[in-house]
1. How do Val311, Val7 rank by accessible surface area computed with a 1.4 Å probe, from largest to smallest?
2. Provide the solvent-accessible area of Lys307, counting protein heavy atoms only and rolling a 1.4 Å probe, rounded to the nearest 10 Å².
3. Pull out the extension gain between Glu340 and Ala58, defined as 0.36 nm times the separation in residues minus the alpha carbon to alpha carbon distance; nm, one decimal.
4. So if I take the centroid of the Cα atoms in the range 61-78 and the same for the range 211-289, what is the distance between those two points in Å?
5. Please list, in chain and number order, the residues 5+ apart from Phe143 or on another chain whose amide H is under 5 Å from its amide H, with Hs placed from the backbone.
6. Would you please classify the overall shape of the range 280-338 from the alpha carbon gyration tensor, given that a ≥ b ≥ c denote the square roots of the eigenvalues, rounded means a/c under 1.5, and beyond that prolate means a/b larger than b/c while oblate covers the rest?
7. Distance in nm between label sites at Ala327 and Ser43, each 7 Å beyond Cα in the beta-carbon direction?
8. Using only the Cα atoms of the range 3-67, build the gyration tensor, take square roots of its eigenvalues as a ≥ b ≥ c, and label the shape rounded, prolate or oblate: rounded if a/c is under 1.5, else prolate if a/b is larger than b/c, else oblate.
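The values are calculated or read from the model by the stated rules, or taken from the named source; none is laboratory data. What you are looking at is a predicted structure, and each value in this text was computed from that prediction instead of being measured. Cβ placement follows ideal geometry from the backbone for every residue including glycine, while neighbour counts extend to all protein chains displayed. Ligands, DNA and RNA are stripped out before the accessible areas are found, and what is left, the full protein with its side chains, is counted by its heavy atoms. Shrake-Rupley method; radii C 1.70, N 1.55, O 1.52, S 1.80 Å.
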Amino acid sequence: MTENSRVERLAKDEIRIDLEGLDQFALLGFNDTNLALLQDRYSGTMTVRGGAMLMKGAPADTEALCGVVIRLIELLQRDKVLDRVTVSYALEQAEIVGDQRTGGTDPNEAPLFYAAGDRTAIRPRTDGQDDYIAAIKTHDVVFAIGPAGTGKTYLAVVMAMDYLRRGLVERVILVRPAVEAGEQLGFLPGDLQEKIDPYLRPLYDALSDTIGASKIQRFMASGVIEAAPLAYMRGRTLNHAFVILDEAQNTTIGQMKMFLTRMGRQCKSVITGDVTQIDLDVGRGSGLVGAQEILKHTEGVAFVELKERDVVRHPMVRRIIAAFAEAEAKAAADEQGEKES
């Protein structure tokens with residue numbers, strides 16, 4: 001049974017959820033669009049009367065949907081906008097089998113950061129993201145490996161800005177290998193910064209969400225935030241810095257070693273990547289894959305593996321990732337079968 005003061009079990013197949021004090025318009029959506037999304041996934045009936053929601057149907061389904069509604073209420077109380085994507089994500093999370101916790105950080109716990117603009121509280125949203133944040137807090141070198149949409153880059157930037165805000169580091173350094181994803185873009189005009197900007201755009205996007213676009217230029221002009229291609233890291237010693245290497249699957253083993261040995265005093269390094277999206281030429285081993293084997297027993301180094309269930313973008317992203325993984329597994333099996341025959 002979902003333990004919450006708002007929940008009352010009226011019968012084996014019926015649950016009442018108290019909505020007193022909540023903005024029902026925000027919870028149910030314009031023209032009850034959120035309610036319709038919930039109803040579409042529920043075999044029973046849902047009605048909202050006065051200050052309560054009544055659900056009646058198969059006990060297991062009713063219990064699961066009750067958990068989703070309570071999760072949405074918690075998000076609403078944290079000033080989260082309950083749009084179609086958020087509701088769909090909550091429903092998808094509830095479908096994970098087993099007694100695994102999927103709600104992320106306790107809503108009563110202090111947020112990691114308050115984003116610029118609307119001052120939205122940023123918190124991890126899944127167990128995997130919880131583990132990722134804990135690893136950053138307790139290790140000097142953290143590898144975050146997982147598919148697109150799991151918050152690898154975004155949470156690394158959030159933690160970097162939090163460390164900067166609290167004076168734990170003096171600068172934030174954003175690094176990315178200048179490897180193109182299957183397309184040859186040719187010569188890029190402009191100075192060094194203009195040439196590397198396209199490769200660093202995902203990091204800038206995360207920064208913009210976190211501290212606002214206006215502060216980025218000011219921080220970069222003063223050297224508090226630095227963005228550089230991986231090739232320009234050789235020979236440097238990075239002291240009092242929070243360093244993020246993004247798209248690390250596109251580094252070679254030599255480049256990975258070079259990057260990791262730049263660490264100086266009071267330096268924290270976070271390396272992110274997706275080993276299913278390697279854009280290196282055939283025959284060039286990925287530094288991220290190599291590091292998993294070489295450093296797996298090294299003290300002070302943490303590896304966090306994020307899964308499909310940690311995807312927090314549009315719910316379609318998780319389905320797309322699963323479909324591609326299934327197709328790749330089938331292709332590998334077919335290839336193995338041809339070799340054996």
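1. On the way: Val311 0, Val7 20 Å².
The most accessible residue leads, giving Val7, Val311.
2. 80
3. Fully extending the segment from Glu340 to Ala58 adds 96.6 nm.
4. 39
5. Ile271, Ala302, Phe303, Val304
6. Values: a/c = 2.32, a/b = 1.19, b/c = 1.95.
Note, shape of the range 280-338 comes out oblate.
7. 3.3
8. oblate
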